[in-house]
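See structure below.
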Amino acid sequence: MNKSALSAALLLLLPLMALGQKTPRYWEKGPLTWNDFTVVDKSIGAEHSYLEFGLDVVPRKHDVDGGSVMVSTAVAFANKEMSWVDGAFRTPAQLRYNQVVFNIAELHRRRLQVVVDTGGTVNMDYRMRLLTHEVDSFCRASNFGNDTAEVLWWEQAIRRQMDSVTPLMVEKHALANKVEGMRPDGCFGMSMGFGTKFFMGDIHRYFAPSGGYYFDMFGGGGRNVFTFGFYVGGGRCKPDSILTVNPDNLLYWNDKIMTLDLHVDYGYSVVSNRRLTLTPFVGYGLQGVYYSTPDEGASGGPSEGCWRVGVDAQYDLTQAQSAGRVSTELYGMSLQTKVYVSFDRFRSIVDTPRGITLNAQVGIGFRYREMRILRPAVKRQSR
């Protein structure tokens, strides 16, 4: 078999070879070299080389706040298995011609990245048709790289267009791939668990600690968090102390009580990263006590308003994510701990000065958060 037949057979086998193995060569790796092509012995008419290119959107890992997130990244790539060059035409002019083809693919990748970043609809068939049409126009206008003046004109024109596109992944890829951190865009969720109250100050001598259950619903935008919730607990009063203040309470025969809190809080997250949120808050609510009366009825209730100040900490135990280039959605099970003080007065049982209640809560909940991905600012550069 002569050389011409071997070259023709190789050209026919190139697509079949690519089906078995495709090694993407990404644009950000740097300028093309002839090592990115398979060498053949015969050109096809005026076409002395050919670059197989493509576009895709792939998940890529990025380090954020000590962990990794997957973000949707548009890529421009070439395949060595399907790219070829006639060994007699491995010249700088031919390599420059193929680099312009690859730059056109990168230009369309940047446009695709803007669509991905802004949440637009990604139609890859449509994008590939646009890319293929522009590459075909360049190849014919430059006579497959033989018209060096036309290649130079297209090279400069494509560079200007690349610089006019402002995707989040700019040309200096090594820097653009870095992530500085995240900032919160919004959250909502719910949690429930166990809580306890310790009565302090002047009301300490009237009430023993209370234990019970709490339920919170929360949501907000940015670092602002609003919470609505309640706490139901059981405890006991100290009959001897109460009787010395008001004999009409008649609780010496039944010292069991039930506490009930209703509250609304506003908090601002001073720490909000991929796993942990730390939110100081201030709120206002109603706190009261239900207790038995001599006729076996019930009295009291959440009739006393009180201010609350504390800190809420939430840590994600499990986490799923749905990420783009500009933001990532995090959701899963979280551990919540909350410590706060409330300034109370239970006049429904005893006429006592206002005291302080120390509250602690631990629970499990579901939390959804949207986090904005922050990147370092870099200057746009041309290749």
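How do ARG109, ARG60 rank when sorted from fewest to most other Cβ atoms within 10 Å of their own Cβ?
Arranged by neighbour count, lowest to highest, ARG109, ARG60 become ARG60, ARG109.
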In nm, to one decimal, how far is the ASP202 label point from the ARG96 one, both placed 7 Å along Cα→Cβ?
9.1
With R₀ set to 41 angstrom, the calculated FRET efficiency between the beta-carbons of ALA141 and THR23, to the nearest 0.05, is 0.85
Taking 0.36 nm per residue of separation and subtracting the Cα-Cα distance, what length does fully extending GLN319 through VAL232 add?
28.3 nm
Assuming R0 = 35 Å, what is the FRET efficiency of VAL309 and THR118, from their Cβ-Cβ distance, to the nearest 0.05?
0.30
If I model a spin label as a point 7 Å beyond the Cα along the Cα-Cβ vector, how far apart are those points for THR148 and ILE44 in nm?
2.6
Could you list which residues have their amide H under 5 Å from that of LYS42, counting only those 5 or more apart in sequence or on another chain, with H placed in the peptide plane?
GLY87
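Read-outs throughout are calculated quantities, based only on the coordinates presented, and are distinct from any laboratory measurement. Given the structure is predicted, the values throughout are model-derived calculations rather than measurements. Ideal geometry is used to build each Cβ from the backbone, glycine not excepted, and the neighbour counts take in all protein chains shown.
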